[in-house]
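Since every read-out is calculated from the coordinates, none of them should be taken as a lab result. None of the values given here were measured: they were computed from a predicted structure. Don't worry about glycine lacking a Cβ; one is built from the backbone with ideal geometry, like all the others, and counts go over all protein chains shown.
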Amino acid sequence: MMYTPTQLQAIATLAARRAGEHVLANLHRRGDVNSILRTDIKHKLDVEAQEVATSVILSAFPDHAILGEETCDAPLPESDTVWIIDPIDGTINFFHGLPLWCCSVAVQYKEKTIAGAVFIPEMHQLYEATCDGPALCNGAPIHVSNTDQLDLAMLATGADKWDLGAHSFKFMRRVSEIAQRPRILGAAAVDMCLVAAGRLDGYFESGIYLWDVAAASLIVERAGGRCEALKTYDGYRMAYLATNSHLYDACRDALLPLL
Ligand code: IPD
């Protein structure tokens with residue numbers, strides 16, 4: 001059975017909200033990790049929040065497939081409809097007590113994202129979009145910025161968690177050279193929602209994952225921006241660019257030769 005984007009959106013929003021509320025109710029467990037490395041943390045609340053979101057989705061759509069960050073190595077069941085969950089994007093921010101983390105849920109039909117929700121619990125912000133409606137923040141329409149000069153733009157970027165050496169710094173340096181100011185906030189979906197809301201002009205990261213950007217990319221596009229994987233790698237990893245409509249070509253031309 002086919003569902004409308006609005007029906008799917010309602011469940012994406014509920015799943016992101018419930019996941020975020022579970023984490024919020026457990027803030028006293030910020031230190032409760034399964035493993036901790038220099039560049040990555042596997043948090044128990046990541047696993048639990050994904051289970052919460054999964055149960056919301058499967059209660060509504062038992063036949064749909066789910067790709068979640070915490071179970072990304074498991075084979076995906078056959079389905080035209082795939083839900084993509086990042087239970088906590090910005091896990092390291094969360095662990096250290098920074099409020100810039102979020103729960104992200106997207107739904108794709110035949111590989112096209114048709115609905116998405118990003119809930120930023122500690123900032124009290126819920127971003128949503130469907131493929132046929134406006135991007136919203138807390139129910140109000142949002143729009144990307146009008147900045148049309150790259151050297152007057154504020155661009156967010158991030159460090160590829162598998163390479164904190166020359167590879168990552170090559171891109172950070174380029175972003176710093178082309179932008180008015182670079183920013184590293186530590187949660188890709190938050191960065192992209194800020195692009196959608198016109199508070200940042202663009203976002204680029206050389207190694208990011210599908211679950212980090214799936215929902216937020218639809219939100220940016222429906223807010224009038226542009227998003228694209230500049231390069232794809234194995235394991236759902238990619239170099240990703242999201243900007244307002246004016247800056248996209250200039251950013252891509254500046255970054256693509258480095259990939
Ligand atoms: C991470 C965040 C971070 C980005 C990393 C991502 P996670 O996601 O989005 O901003 O720099 O590349 O992996 O692991 O916290 O879901």
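What the table below lists for this structure:
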{"quantity": "Residue within the range 175-184 that is closer than 26 Å to Gln9 by Cβ, away from the ligand (no atom under 16 Å from the Cβ) and surrounded by 18 or more Cβ atoms within 10 Å (Cβ to Cβ) present", "calculated": "no"}
{"quantity": "Flag for Ala140 being within 20 Å of Tyr127 (Cβ to Cβ), surrounded by fewer than 23 Cβ atoms within 10 Å (Cβ to Cβ) and more than 16 Å from the ligand (Cβ to nearest atom)", "calculated": "yes"}
{"quantity": "Which numbered condition Ala197 misses (of (1) within 16 Å of the ligand (Cβ to nearest atom); (2) in contact (Cβ under 8 Å) with a residue 60 or more places away in the chain)", "calculated": "(1)"}
{"quantity": "When residues of the range 200-211 are limited to those that are touching an Asp or Glu at 6+ places or on another chain (Cβ under 8 Å) and aromatic (Phe, Trp, Tyr), the one farthest from the ligand (Cβ to nearest atom)", "calculated": "Tyr203"}
{"quantity": "Residue tally, condition away from the ligand (no atom under 12 Å from the Cβ) and not in a helix (DSSP H, G or I), over the range 26-53", "calculated": "9"}
{"quantity": "Single residue of Phe169, Phe95 found to be within 15 Å of the ligand (Cβ to nearest atom), in a helix (DSSP H, G or I) and in contact (Cβ under 8 Å) with a residue 24 or more places away in the chain", "calculated": "Phe95"}
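Condition check ((1) free of Cβ contacts under 8 Å to residues at least 60 places away in the same chain; (2) among the small types (Gly, Ala, Ser)) across all residues:
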residue	(1), (2)
Asn34	yes, no
Thr39	no, no
Ile57	yes, no
Ala60	yes, yes
Ala65	yes, yes
Gly68	no, yes
Thr71	yes, no
